[in-house]
Amino acid sequence: MHIQADTERCIGAGMCALTAPDLFDQSDHDGTVVLLRAGVCGQEVAEAARAAVEACPSGALTLTD
Ligand code: SF4
């Protein structure tokens, strides 16, 4: 499973970094999402990734198999 983050859509709400801090951070410059790692393995990490995708208000995050 892979995560994609569209920084053009991101509005810097920070829900992803709050929900899954091992996977996402925010830019010090403009608050947009910074992907800490694109590959997701392990059920716990996958659930955190899904929760972050659902929490994102801008639809900037995508999970692919
Ligand atoms: S939750 Fe969505 S809008 Fe907010 S920082 Fe993360 S990717 Fe950007």
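Listing for the model above:
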{"item": "222 nm mean residue ellipticity, helices alone, for the chain (DSSP H n ≥ 4; -39,500 (n - 2.57); rounded to 500)", "result": "-8000 deg cm²/dmol"}
{"item": "Sorted largest first, extent of the chain alpha carbons per principal axis (Å)", "result": "31, 18, 16"}
{"item": "Cα-based helix-to-principal-axis angle, 43-55 vs the chain, degrees rounded to 10", "result": "30"}
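Only the coordinates and a few stated rules stand behind these numbers; no lab work does. Quick caveat: nothing in here was measured; it's all calculated off a predicted structure.
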